[in-house]
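Peer 1: Dropping a structure here in structure tokens format, bear with me for questions.
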Amino acid sequence: MSRKQRDVLSVEWVKLELIRTAYATRGGLFARMDPRMVLAWYLLLAIVPWFTHNLVTVIGLFVITAASAALARVGPLVLGLFIIGFVGDFFWAFAAAWLFGGDAGTALALVELNLKLATVSLASIAAFVSLDPESLSTGLLAWRAPELLAFGVSYGYRMMPILFEEFGVVFTGLRLRSAPGPRGFLGWRALLRWGTWAVQAFYPIFLNTAKSVRTTVESLETRGFTANQGRELRISQLRIGVLDVAVVAVTVVAVVGAFELGAVVTLG
Amino acid sequence: MASHHQIPPTQPPSGATPIIELDRVSFRYPGAERDSLRNVCLRIDEGDFVAVIGGNGSGKTTLCKTFNGLVPHFWEGEFAGEATVAGIDTYESSVAALSATVGYVYQDFQNQLVRPRVRDEVEFGPVNFGMADYAERALEAMHTLGIDHLADRFVWQLSGGQAHLVALASVLAMRPRVIVVDEPVAEVDPAGAHALYERLTELNERHGITVVVIEHHAEFIAQYAKSVVLMDDGAPVWHLPAPQAAARAAELAAHGIPAPQIVEACEGLDLQAAPRTVDEAAAVLRTAGAEQRTTWPPIASASSDAPEGRVVAVARGVSHGYKSVSGELLPVLDGIDLTVRAGDRVALVGGNGAGKSTLMRLLCGLQVPRAGTITLDGIDTRRSSATKLADHAAYLFQRPEQMFLKDSIRSDVRMFPAGRKRADADALVDRVLDRVRLADLADRDGRTLSGGQQRRATLAIGLAMTPSLLLADEPTASLDVASRNSVIDMLEELRGAIDAAVVATHDMHLVAEWATRVIVLGGGGVLADVTPTELFASDDLLAGAHVVPPQVTALGRALGIVPAPLSVAQWREAVVLTETEVRA
């Protein structure tokens with residue numbers, strides 16, 4: 001056995017990927033847009049698939065969001081998780097159709113539902129990967145979301161790397177100070193151990209975090225968070241430009257195109 | 001004993017206008033059995049630089065929280081008396097309104113930062129209050145503190161010292177007239193602490209901002225404060241100008257504030273003086289005729305010629321680095337060669353990011369190097385798992401609470417030996433807990449202990465692993481002077497229990513009084529591998545390592561004593577007043 005420093009599929013990698021995703025460090029088309037327009041764009045693509053049962057239209061919409069996800073430069077972690085979920089769903093759809101005595105029609109109906117879900121997922125991935133916490137929170141404010149929700153989003157993002165770091169340290173402590181054991185068949189004993197540690201790690205993390213949050217709450221109070229007069233100022237930082245209008249317009253045209261295509265072409 | 005509370009505390013004589021006035025203020029936290037503040041009368045003048053000192057539980061923090069209305073508006077307890085800040089009665093006002101006048105920087109300032117990027121963080125206050133000029137205010141605050149270049153950084157990318165300045169900038173953006181800083185030295189390295197105090201002094205002198213600090217360290221009080229408030233049992237004992245306060249060394253020591261080393265050094269020569277800085281002390285001592293004793297240095301004992309100890313850990317050509325957020329590899333260590341032998345007490349020093357923690361994680365096998373090999377007790381760390389290597393090396397994390405995985409100290413200490421089914425686990429746990437003097441507290445959750453006790457608990461966890469090599473990351477960080485000394489003593493006593501110890505630290509008292517070997521890391525390599533005496537004798541090394549020598553060592557150098565003493569005890573052996581010698 002020889003150990004090696006691993007840069008992919010390690011805890012450190014997951015942390016970096018989460019940071020890259022949360023803070024939109026990869027850039028991409030939507031990261032340059034006004035957050036209000038990104039949210040509007042997302043709502044459009046999240047709602048539209050539910051208004052059709054035409055498989056061609058659904059495939060068309062899926063292609064649009066897949067292209068958007070590519071333009072948004074979605075990272076390997078999020079994309080990998082999405083594909084695992086997507087492929088898994090198809091597998092279960094066919095298994096269910098077969099087990100419960102369904103025919104090709106049943107399977108096709110399930111495929112359509114899964115494609116719709118995948119379309120909406122891809123749209124949310126493309127949108128939220130591109131919004132860093134500040135613009136997301138300002139965008140939410142602009143669309144009249146409560147101040148607390150907008151702040152919660154921003155604060156959640158700020159805490160995420162810290163919590164993940166804390167988890168890594170506590171998990172390491174558990175790993176070092178627990179007894180080494182056999183790996184078991186296909187490593188199932190090792191997996192079980194890791195699972196147990198992951199759960200045990202929450203006890204210290206919760207207590208450590210609860211202690212530190214007290215300062216945060218006091219500090220929010222002293223810095224006028226509850227005074228709540230900053231909404232207009234935050235929104236006034238936003239600008240809708242040519243790019244924003246163009247992206248939304250192209251998307252609307254593409255969506256209309258998908259519906260037209262569905263009316264013309266029929267499958268099977 | 002309560003008699004001094006009836007007498008109004010002495011006021012520093014001055015014609016300045018008061019900015020904070022407390023008149024018979026008492027406060028009791030909800031559910032508490034006694035008052036945290038008892039009949040406090042206090043006046044702080046505009047433009048003062050006040051240090052609030054006192055033991056744990058003396059009411060320092062509660063006092064400072066009355067200044068910005070957190071007491072009694074956020075902490076709604078029983079409040080009596082009158083507190084006036086800049087002419088506003090705090091009881092009639094609110095925390096939000098008062099925050100335009102009083103800024104508060106917390107001891108755990110990292111938790112005060114609530115926004116992802118520095119600029120947003122500094123703008124946060126002004127934006128919340130709907131100030132249209134929030135951007136200028138933020139720029140001005142960052143510029144005043146010299147952190148303009150950090151504006152676009154993420155707050156979690158900052159070093160401790162930088163984060164502290166950002167927290168300060170974020171309250172400065174409100175253009176307050178008073179700034180309260182709770183224990184500025186606790187969480188940053190000595191160089192960072194001095195930098196922060198310099199900034200505070202500048203704010204005080206150039207911008208006329210009244211500064212209130214809660215501080216344990218006499219050397220900082222002596223050097224920077226204009227007046228000192230001593231708190232005891234919920235009320236001020238006195239409020240005196242700094243020089244007069246510093247002269248009451250015995251009283252301060254009784255309240256848990258040992259005198260600065262330079263004052264102790266003068267006392268050691270029976271010299272009545274309260275110098276504020278090393279230069280002042282050197283001038284006083286020169287006039288008094290302080291000289292090196294002819295018996296200094298003592299003839300080296302035979303132990304230095306003793307045969308070298310067994311090899312515990314070896315690093316050969318070790319290089320390591322991490323991936324950054326943007327994806328490139330950031331090299332940290334580059335071709336390190338190092339041997340740690342039994343009996344070594346190694347201090348790893350170097351600036352932030354010099355690779356101290358990385359080297360320690362590699363030495364204990366938590367990670368393996370990208371290039372080169374680490375051999376621990378004869379085992380190549382690549383050929384074993386981190387869990388198995390934990391039998392040979394124990395690694396103590398920087399923040400003690402990260403090591404408290406169970407609900408009591410005893411179960412935390414027991415975890416390792418019991419998990420490995422050691423027959424004598426219980427006896428070992430008892431022995432170790434006795435050794436760190438925590439047997440009485442063994443059933444408490446580690447998080448409920450004081451800072452010094454927490455550190456000792458982590459040492460116990462390490463000792464129960466019976467390692468050959470003990471690695472500790474900043475074991476004395478954020479401790480007050482007394483707890484720090486007790487941790488240093490405890491490390492000193494470990495001699496028999498472990499073969500070798502490696503400690504990453506910024507604390508030069510620890511280096512001076514404990515280490516036998518100092519390894520200075522910088523630029524990815526080992527800049528020097530020397531004794532503490534050699535480190536403190538070289539200005540180049542000190543600068544390269546980003547460290548400041550202990551006061552008594554700096555004083556020894558200033559007086560031309562070779563080798564410079566490392567502790568006050570050594571100072572007494574090394575220096576004598578010439579007059580005394582003549583008389584004798």
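The values are calculated or read from the model by the stated rules, or taken from the named source; none is laboratory data. All values derive from a computational prediction rather than experimental measurement. Ideal geometry is used to build each Cβ from the backbone, glycine not excepted, and the neighbour counts take in all protein chains shown. Remember, those area values only see protein heavy atoms, side chains included, never the ligands or the DNA or RNA. Shrake-Rupley method; radii C 1.70, N 1.55, O 1.52, S 1.80 Å.
Peer 1: Every residue in the stretch B:72-102 that is over 22 Å from B:LEU172 (Cβ atoms), touching a residue at least 40 places away in the same chain (Cβ under 8 Å) and either touching a Leu at 6+ places or on another chain (Cβ under 8 Å) or away from every other protein chain (no Cβ under 11 Å) (or both), please. Before you say what the answer is, go through the steps one by one.
Peer 2: Start the filter on the stretch B:72-102 by keeping residues that are over 22 Å from B:LEU172 (Cβ atoms), which leaves B:72-73, B:75-84, B:89, B:91-92.
Filter once more, so that each one left must be touching a residue at least 40 places away in the same chain (Cβ under 8 Å): B:72, B:75-84.
Those that are over 22 Å from B:LEU172 (Cβ atoms), touching a residue at least 40 places away in the same chain (Cβ under 8 Å) and either touching a Leu at 6+ places or on another chain (Cβ under 8 Å) or away from every other protein chain (no Cβ under 11 Å) (or both): B:PRO72, B:GLU76, B:GLY77, B:GLU78, B:PHE79, B:ALA80, B:GLY81, B:GLU82, B:ALA83, B:THR84.
Peer 1: Which ones in the stretch B:54-75 are surrounded by fewer than 24 Cβ atoms within 10 Å (Cβ to Cβ) and of a type in the set (S, T, N, Q)?
Peer 2: Those that are surrounded by fewer than 24 Cβ atoms within 10 Å (Cβ to Cβ) and of a type in the set (S, T, N, Q): B:ASN56, B:SER58, B:THR61, B:THR62.
Peer 1: Suppose we filter B:GLY446, B:GLY496, B:GLY462 for residues that are free of Cβ contacts under 8 Å to residues at least 24 places away in the same chain and within 19 Å of B:ALA394 (Cβ to Cβ); which single one remains? Show your work before the answer.
Peer 2: Details: B:GLY446 fails: free of Cβ contacts under 8 Å to residues at least 24 places away in the same chain; B:GLY462 fails: free of Cβ contacts under 8 Å to residues at least 24 places away in the same chain.
B:GLY496 is the lone residue from the list that is free of Cβ contacts under 8 Å to residues at least 24 places away in the same chain and within 19 Å of B:ALA394 (Cβ to Cβ).
Peer 1: Pairs only if they're at least six apart or on different chains, beta carbon under 8 angstrom, first in the stretch A:224-243 and without any contact (Cβ under 8 Å) to a residue 24 or more places away in the chain, second in a loop (DSSP other than H, G, I, E, B) and surrounded by fewer than 14 Cβ atoms within 10 Å (Cβ to Cβ); list them, first residue then second.
Peer 2: These pairs meet every condition: A:LEU233/B:ALA132.
Peer 1: Taking into account only those residues within the stretch B:401-413 that are surrounded by 24 or more Cβ atoms within 10 Å (Cβ to Cβ) and more than 9 Å from every other protein chain (Cβ to nearest Cβ), which is farthest from B:ALA500 (Cα to Cα)?
Peer 2: B:ILE409
Peer 1: I need a count of the residues in the stretch B:178-236 that are open to solvent by 20 Å² or more (accessible area, probe 1.4 Å), in a loop (DSSP other than H, G, I, E, B) and farther than 19 Å from B:GLN110 by Cβ.
Peer 2: 4
Peer 1: Oh, and also: Against the condition among the hydroxyl-bearing types (Ser, Thr, Tyr), more than 7 Å from chain B (Cβ to nearest Cβ), assigned to a helix (DSSP H, G or I) and farther than 30 Å from B:THR66 by Cβ, how does A:THR172 come out, does it pass?
Peer 2: Working: among the hydroxyl-bearing types (Ser, Thr, Tyr): yes; more than 7 Å from chain B (Cβ to nearest Cβ): no; assigned to a helix (DSSP H, G or I): yes; farther than 30 Å from B:THR66 by Cβ: yes.
Answer is no for this residue.
Peer 1: Against the definition (surrounded by 14 or more Cβ atoms within 10 Å (Cβ to Cβ), under 26 Å from the mean Cα position of the chain (by Cα) and farther than 22 Å from B:ARG420 by Cβ), how does A:ARG223 come out, yes or no? Even if it seems obvious, please write down each step before you answer.
Peer 2: Details: surrounded by 14 or more Cβ atoms within 10 Å (Cβ to Cβ): yes; under 26 Å from the mean Cα position of the chain (by Cα): no; farther than 22 Å from B:ARG420 by Cβ: yes.
No.
Peer 1: Check B:ALA141, B:ALA235, B:ALA249 and return the single one that is within 23 Å of the chain's Cα centre (by Cα) and among the hydrophobic types (A, V, I, L, M, F, W, C). Walk me through it before giving the result.
Peer 2: Details: B:ALA141 fails: within 23 Å of the chain's Cα centre (by Cα); B:ALA235 fails: within 23 Å of the chain's Cα centre (by Cα).
The match here is B:ALA249.
Peer 1: Among the residues of the stretch A:142-175, what is the count of those that are over 25 Å from A:GLU12 (Cβ atoms) and more than 20 Å from the chain's Cα centre (by Cα)?
Peer 2: The qualifying residues number 6.
Peer 1: Sticking with this structure for a sec: If A:ARG177 satisfies every condition in (1) more than 7 Å from every other protein chain (Cβ to nearest Cβ); (2) open to solvent by less than 60 Å² (accessible area, probe 1.4 Å); (3) closer than 30 Å to B:GLY419 by Cα but one, which is the exception?
Peer 2: Among (1) more than 7 Å from every other protein chain (Cβ to nearest Cβ); (2) open to solvent by less than 60 Å² (accessible area, probe 1.4 Å); (3) closer than 30 Å to B:GLY419 by Cα, the lone unmet condition for A:ARG177 is (1).
Peer 1: If a residue must be over 24 Å from A:GLN237 (Cβ atoms) and outside any helix (DSSP H, G or I), how many such residues does the stretch A:14-65 contain?
Peer 2: Qualifying residue count, the stretch A:14-65: 3.
Peer 1: Please specify each residue of the stretch A:41-85 satisfying the condition of being hydrophobic (A, V, I, L, M, F, W, C), more than 13 Å from the chain's Cα centre (by Cα) and crowded, with 16+ Cβ neighbours inside 10 Å.
Peer 2: Listed by number, the residues that qualify are A:TRP41, A:LEU45, A:ALA46, A:VAL48, A:LEU55, A:VAL56, A:VAL58, A:ILE59, A:LEU61, A:PHE62, A:ILE64.
Peer 1: Here's a follow-up. I'd like the residue in the stretch B:567-584 that is modelled with pLDDT of 80 or more and of a type in the set (A, V, I, L, M) and, out of all such residues, is surrounded by the fewest Cβ atoms within 10 Å (Cβ to Cβ). Please lay out each step first, then the result.
Peer 2: Here is the first cut: in the stretch B:567-584, the residues modelled with pLDDT of 80 or more are B:567-578.
With the extra rule that they be of a type in the set (A, V, I, L, M), the set shrinks to B:568-569, B:574-577.
Numbers: B:VAL568: 20, B:ALA569: 13, B:ALA574: 24, B:VAL575: 22, B:VAL576: 19, B:LEU577: 16.
Per the stated criteria, the residue is B:ALA569.
Peer 1: Taking the criterion of being more than 25 Å from B:THR387 (Cα to Cα) and either among the hydroxyl-bearing types (Ser, Thr, Tyr) or surrounded by fewer than 21 Cβ atoms within 10 Å (Cβ to Cβ) (or both), would at least one residue in the stretch B:356-370 satisfy it? Give the steps one after another, and end with the answer.
Peer 2: Start the filter on the stretch B:356-370 by keeping residues that are more than 25 Å from B:THR387 (Cα to Cα), which leaves none.
No, there is no match, as no residue in the stretch B:356-370 is more than 25 Å from B:THR387 (Cα to Cα) and either among the hydroxyl-bearing types (Ser, Thr, Tyr) or surrounded by fewer than 21 Cβ atoms within 10 Å (Cβ to Cβ) (or both).
Peer 1: Considering the stretch A:183-203 alone, what residues qualify as being within 12 Å of another protein chain (Cβ to nearest Cβ) and either part of a loop (DSSP other than H, G, I, E, B) or more than 22 Å from B:ARG420 (Cα to Cα) (or both)?
Peer 2: A:ARG183, A:ALA201, A:PHE202, A:TYR203, listed by residue number.
Peer 1: Conditions first: (1) surrounded by 14 or more Cβ atoms within 10 Å (Cβ to Cβ); (2) within 11 Å of chain A (Cβ to nearest Cβ); (3) under 33 Å from the mean Cα position of the chain (by Cα). B:LEU329 passes all but one, so which condition is the exception?
Peer 2: Checking B:LEU329 against (1) surrounded by 14 or more Cβ atoms within 10 Å (Cβ to Cβ); (2) within 11 Å of chain A (Cβ to nearest Cβ); (3) under 33 Å from the mean Cα position of the chain (by Cα), the one that fails is (1).
Peer 1: Residues to consider are B:LEU433, B:LEU441, B:LEU479, B:LEU471; find the one that is hydrophobic (A, V, I, L, M, F, W, C), more than 13 Å from chain A (Cβ to nearest Cβ) and closer than 22 Å to B:GLY496 by Cα. It would help to see each step written out before you state the result.
Peer 2: Working: B:LEU441 fails: closer than 22 Å to B:GLY496 by Cα; B:LEU479 fails: closer than 22 Å to B:GLY496 by Cα; B:LEU471 fails: more than 13 Å from chain A (Cβ to nearest Cβ).
Step by step, each of B:LEU433, B:LEU441, B:LEU479, B:LEU471 is checked, and only B:LEU433 is hydrophobic (A, V, I, L, M, F, W, C), more than 13 Å from chain A (Cβ to nearest Cβ) and closer than 22 Å to B:GLY496 by Cα.
For every residue, the table says whether it meets (1) touching a strand residue (DSSP E or B) at 6+ places or on another chain (Cβ under 7 Å); (2) within 14 Å of another protein chain (Cβ to nearest Cβ).
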position	(1), (2)
A:ARG3	no, yes
A:ASP7	yes, yes
A:LEU39	no, no
A:ILE47	no, no
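Rundown of residues vs (1) surrounded by fewer than 16 Cβ atoms within 10 Å (Cβ to Cβ); (2) at pLDDT 90 or above; (3) in a helix (DSSP H, G or I), yes/no style:
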site	(1), (2), (3)
A:ALA249	yes, yes, yes
A:VAL256	yes, yes, yes
A:PHE259	no, yes, yes
A:THR266	yes, no, no
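Peer 1: Hey, among B:ALA464, B:ALA418, B:ALA393, which residue is within 24 Å of B:VAL518 (Cα to Cα) and facing chain A (nearest Cβ under 10 Å)? Give the derivation first.
Peer 2: Details: B:ALA464 fails: within 24 Å of B:VAL518 (Cα to Cα); B:ALA418 fails: within 24 Å of B:VAL518 (Cα to Cα).
Testing whether each residue is within 24 Å of B:VAL518 (Cα to Cα) and facing chain A (nearest Cβ under 10 Å) leaves just B:ALA393.
Peer 1: Among the residues of the stretch B:1-53, write down those that are over 19 Å from B:ASP89 (Cβ atoms), surrounded by 12 or more Cβ atoms within 10 Å (Cβ to Cβ) and at pLDDT 85 or above.
Peer 2: Of everything in the stretch B:1-53, those that are over 19 Å from B:ASP89 (Cβ atoms), surrounded by 12 or more Cβ atoms within 10 Å (Cβ to Cβ) and at pLDDT 85 or above turn out to be B:ARG28, B:TYR29, B:ASP35, B:SER36, B:ARG38, B:GLY47, B:ASP48, B:PHE49, B:VAL50, B:ALA51, B:VAL52, B:ILE53.
Peer 1: Looking at the stretch B:141-182 only, could you name the residues that are facing another protein chain (nearest Cβ under 9 Å) and under 23 Å from A:TYR23 (Cα atoms)? Walk me through how you get there before you give the answer.
Peer 2: Let us first name the residues in the stretch B:141-182 that are facing another protein chain (nearest Cβ under 9 Å), namely B:154-156, B:167, B:170-171, B:174.
Residues satisfying the conditions are B:PHE154, B:VAL155, B:TRP156, B:ALA167, B:SER170.
Peer 1: Within the stretch B:534-546, identify whether any single residue is under 24 Å from the mean Cα position of the chain (by Cα), touching a residue at least 40 places away in the same chain (Cβ under 8 Å), open to solvent by less than 30 Å² (accessible area, probe 1.4 Å) and within 19 Å of B:PRO298 (Cβ to Cβ), and answer yes or no.
Peer 2: Among the residues of the stretch B:534-546, not one is under 24 Å from the mean Cα position of the chain (by Cα), touching a residue at least 40 places away in the same chain (Cβ under 8 Å), open to solvent by less than 30 Å² (accessible area, probe 1.4 Å) and within 19 Å of B:PRO298 (Cβ to Cβ), which makes the answer no.
Peer 1: Considering only the stretch B:116-140, state which residues are open to solvent by less than 10 Å² (accessible area, probe 1.4 Å) and either within 7 Å of chain A (Cβ to nearest Cβ) or at pLDDT 95 or above (or both). Working first, answer last.
Peer 2: Going residue by residue through the stretch B:116-140, those that are open to solvent by less than 10 Å² (accessible area, probe 1.4 Å) are B:116, B:118, B:121-122, B:124-128, B:138.
Selection gives B:PRO116, B:VAL122, B:PHE124, B:GLY125, B:VAL127, B:ASN128, B:ALA138.
Peer 1: Return the total of residues in the stretch B:142-155 being touching a residue at least 40 places away in the same chain (Cβ under 8 Å) and either farther than 17 Å from B:ARG206 by Cβ or open to solvent by less than 10 Å² (accessible area, probe 1.4 Å) (or both).
Peer 2: Count: 2.
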